[in-house]
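Each remark here refers to the structure printed beneath this line.
The values are calculated or read from the model by the stated rules, or taken from the named source; none is laboratory data. Model, not experiment: these values are computed from the prediction. Note: ideal-geometry Cβ built from the backbone for every residue, glycine included; neighbour counts use all protein chains shown.
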Amino acid sequence: MKSHKKDHPLLTIRGLKTEFRLQDNKVLRAVDGVDLSIRAGEIHGLVGESGCGKTVAALSVLRLIRWPGYISDGQVVWQSEDLLKLKKKEMQKIRGKEISMIFQEPMTSLNPVFTIGTQLADVMRLHDGLSKNQALNKAVELLGIVKIADPYRRIKEYPHQLSGGMRQRVMIAMAISCQPKLIIADEPTTALDVTIQKQILDLMKEIQEKTGTSFILITHDWDVILEIATKVAVMYAGRIIEYFTAKDLYRNPMHPYARALVQSIPRKRNKESSTKRLKAIAGNVPDLADLPVGCKFSPRCPDVFEQCVEVEPTLKEIAPDHLVRCWKYMN
Amino acid sequence: MLEIHELEMQETLIRTVNLKKYYKLGRRYFSGHSAVLKALNGVTLNIQAGETLGLVGESGCGKSTFGRLLVRLERPTSGEIYFKGEDISFYKEAILRPLRKNMQIVFQDPYSSLNPKMTVGDIVSESMRVHNLYPKSEIDERTIELLCLVGLTPEDRKKYPEAFSGGQRQRIGIARALSVKPEFVVADEPVSALDVSIQAQIVNLLLEIQEKFNITYLFITHDLRLVEYICDQVAVMYLGRIVEFANTEDVYKNPLHPYTRMLLSSQPGSDFDTKLPTEKIYMDVPSPLNLPSGCVFYPRCSQKRDACVKEVPILRDFGLNHQVACHLIN
């Protein structure tokens, strides 16, 4: 069963563009032509710095973009259905049921005035039509799955009574409650300490192995990707600039931005190098409302040449499963 | 021990002895008792001149409190803080003020640590004016010099903080700290609010400055990779106590305390777990309002014994200045 499923992508994003209208009628292109496909059972990483469009891309998939933001172009094909063409009611049936989401800040994404049990049960009553008691029993079971001790007591508690790590477990329990096929996790461990991060990542891995659920993991931390993802897309200024297998993350990045980032991450200092300096990338992340014409990384790129400033390169396959958006590899 | 002393040519710049900081919280509704948060629970630590000491631990373990006590932004509950041999622990503000120019702090959040109503020039030059370091005519010149040193332009001194990105703001914060030529700087998570590509710029700037002015750093962070990269020595803190202290290499190659091992093996993508007995992570950090008896780590420790529950382990030296507070190690 696994093999034939693997060939068919679960989710295919084609040419997705999401824009935000600013006050002075300028347009901010947060996501500017993203193509991505996720197969069943994959943990797919999406990395980039803040403002690169990774979160907006994920929210666009679930159509959670609010005015002044809007999806201006593209397709989000979910099992042969374009989600962008669905009616609101139809979309609601997919959201939380087939595709669910885990947010970064477990503090603000749970409702402080309802108990954990109520919030977990609500999702299942809505999507699976369970009665209140059935749903609460299921909630206890789910808390057990995400390894929260003493679940009978916990379902009666409010979010403020739980630690950050436990709240994130509750979010995961909520996300898996309707057996979704895809979970989008937006910086699920960024607000947590390393030891708690480890627990949460292990839990996600376990869920993926047991249920075959796919994940899109959004993060800025390369090491998190390395830990659990299989494929990774690196984003910069609203587009994917490199797409490859996660195990090549440190070994074989090709795009100058990806290479520079790898070098700027503090790794073990080798004894021979006397200087402690990290290799920093000059300049700042570009302003999305005022992007350069050619390659968006060209103002900061160490290998820039004329072509780069004038025309933007396309994402090109340079090896099996390895795509790069850079003029260096176009010929 | 003799050998160690001979090796240590540097002087100790900062020394704390059994430093404690408790916060009294408001009275509980029914019991009438006021809760006491034990943020620091007896920290004894030396920082050598010209070195970078990394202080690591999970959030809420007391690292920031320790940093703020060292530069006397707060008053300790008990214990001693020596700055160049002088006990400054309970100095009053007036006596402290001339000393303040020797010790500065760079804060974590570059957005809330700069006054939005002051120009960058005023922010950077304020301490120079307060300490009367330069004649009025020279202050502007010195401000420009500082801004250039941290990679900003002279024109920037007329702008307000809102005009700058996170990384640039952190540069302003560093210029402010440097303006009084400090010998000791507490860097409290100086890069954790910044993007990866900007982090390296700021880390490099801090290192450059250290070489130029021979500054001693207390580098507070939760980023274990960064500590390994830039610190000479590492202190691992857990619930207000130092559980391990050693040279950076020794901590990473041969971590002795179970908590240190747990931290290192939790680092994603680390190769620590291949060599080390991986500590299973049992639970979250207990609340500092209700500390466990004995060793504070025992509820999360897989190898705990009876002694761990009853007795607080003291920090003992296991050779080459590798200190560990654990009953399990002999």
If you check B:D284 against the conditions, is it in a helix (DSSP H, G or I), within 13 Å of another protein chain (Cβ to nearest Cβ), in contact with a helix residue (DSSP H, G or I) (Cβ under 9 Å, 6 or more places away or on another chain) and at pLDDT below 90?
no
What helices (runs of 4 or more DSSP H) lie completely within region B:122-217 and have 2 or more residues being surrounded by 23 or more Cβ atoms within 10 Å (Cβ to Cβ) and under 25 Å from the mean Cα position of the chain (by Cα)?
B:166-178, B:196-213
What is the number of the single condition among (1) over 27 Å from B:S59 (Cβ atoms); (2) touching a residue at least 40 places away in the same chain (Cβ under 8 Å); (3) touching a Phe, Trp or Tyr at 6+ places or on another chain (Cβ under 8 Å) that A:V123 does not meet?
(3)
Residues B:V150, B:V180, B:V186: which one is closer than 24 Å to B:V203 by Cα and modelled with pLDDT of 95 or more?
B:V186
Out of everything in region A:202-215 that is out of contact with any Leu (no Cβ under 6 Å at 6 or more places or on another chain) and surrounded by 21 or more Cβ atoms within 10 Å (Cβ to Cβ), what residue ends up being farthest from B:L194 (Cα to Cα)?
A:T213
Scan region A:4-12 and tell me whether some residue there is in the same structural domain as A:G212 (by TED's automatic domain parsing), on the phi > 0 side of the Ramachandran plot, assigned to a loop (DSSP other than H, G, I, E, B) and not acidic (D, E).
no
So, restricting to strands (runs of 3 or more DSSP E) that lie completely within region A:28-137, which ones have at least 2 residues that are closer than 30 Å to A:D193 by Cβ?
A:43-47, A:99-102
Restricting the search to region B:319-330, which residues are assigned to a loop (DSSP other than H, G, I, E, B) and at pLDDT 90 or above?
B:H322, B:A325, B:C326, B:H327
Looking at the structure I just gave you, is A:K316 within 14 Å of another protein chain (Cβ to nearest Cβ) and of a type in the set (K, R)?
no
What single numbered condition from (1) at pLDDT 90 or above; (2) out of contact with any Leu (no Cβ under 7 Å at 6 or more places or on another chain); (3) more than 24 Å from A:D32 (Cβ to Cβ) fails to hold for A:D73?
(3)
Considering only region A:168-201, how many residues are under 13 Å from the mean Cα position of the chain (by Cα) and surrounded by fewer than 21 Cβ atoms within 10 Å (Cβ to Cβ)?
3
Output the number of the condition that A:G48 fails; it satisfies all remaining conditions of (1) crowded, with 21+ Cβ neighbours inside 10 Å; (2) without any contact (Cβ under 8 Å) to a residue 12 or more places away in the chain.
(2)
Check on A:A289, within 30 Å of B:L205 (Cα to Cα) and small (G, A, S)
yes
Failed item, numbered, when A:D303 is tested on (1) at pLDDT below 90; (2) surrounded by 17 or more Cβ atoms within 10 Å (Cβ to Cβ); (3) part of a loop (DSSP other than H, G, I, E, B):
(2)
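Here's the yes/no breakdown for (1) within 14 Å of chain A (Cβ to nearest Cβ); (2) in contact with a helix residue (DSSP H, G or I) (Cβ under 6 Å, 6 or more places away or on another chain):
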{"site": "B:P116", "(1), (2)": "no, yes"}
{"site": "B:L133", "(1), (2)": "no, no"}
{"site": "B:E138", "(1), (2)": "no, no"}
{"site": "B:R171", "(1), (2)": "yes, no"}
{"site": "B:F184", "(1), (2)": "no, no"}
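Per-residue answers, yes or no, for (1) within 19 Å of A:G96 (Cα to Cα); (2) among the β-branched types (V, I, T); (3) out of contact with any strand residue (DSSP E or B) (no Cβ under 9 Å at 6 or more places or on another chain); (4) away from chain B (no Cβ under 14 Å):
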position	(1), (2), (3), (4)
A:R21	no, no, no, yes
A:D35	no, no, no, yes
A:A40	yes, no, no, yes
A:C52	no, no, no, no
A:I65	yes, yes, no, yes
Within region B:290-299, of all residues that are in a loop (DSSP other than H, G, I, E, B) and more than 13 Å from every other protein chain (Cβ to nearest Cβ), the one surrounded by the most Cβ atoms within 10 Å (Cβ to Cβ) is B:C295
Say we look at region B:227-251 and pick out the residues that are touching a Gly at 6+ places or on another chain (Cβ under 8 Å) and part of a helix (DSSP H, G or I); which of these is nearest to B:L37 (Cα to Cα)?
B:V227
Listed by range, strands (runs of 3 or more DSSP E) wholly within region A:187-273 having at least 2 residues that are within 12 Å of chain B (Cβ to nearest Cβ) are A:214-219, A:231-236
Within region A:65-98, the residues that are of a type in the set (D, E) and buried (at least 16 other Cβ atoms within 10 Å of the Cβ) are A:E98
List every residue pair whose Cβ atoms lie under 8 Å apart, where the two residues are 6 or more positions apart in sequence or sit on different chains, the first residue falls within region A:77-92 and is within 15 Å of A:S60 (Cβ to Cβ), and the second residue, located anywhere, is outside any loop (DSSP other than H, G, I, E, B) and among the charged types (D, E, K, R).
A:V77/A:R14
When region B:135-189 is checked residue by residue, the ones that are among the charged types (D, E, K, R) and at positive phi are B:K181, B:E189
Of the numbered conditions (1) at pLDDT 90 or above; (2) of a type in the set (A, V, I, L, M); (3) more than 17 Å from A:G48 (Cα to Cα), A:L323 fails exactly one; give the number of that condition.
(3)
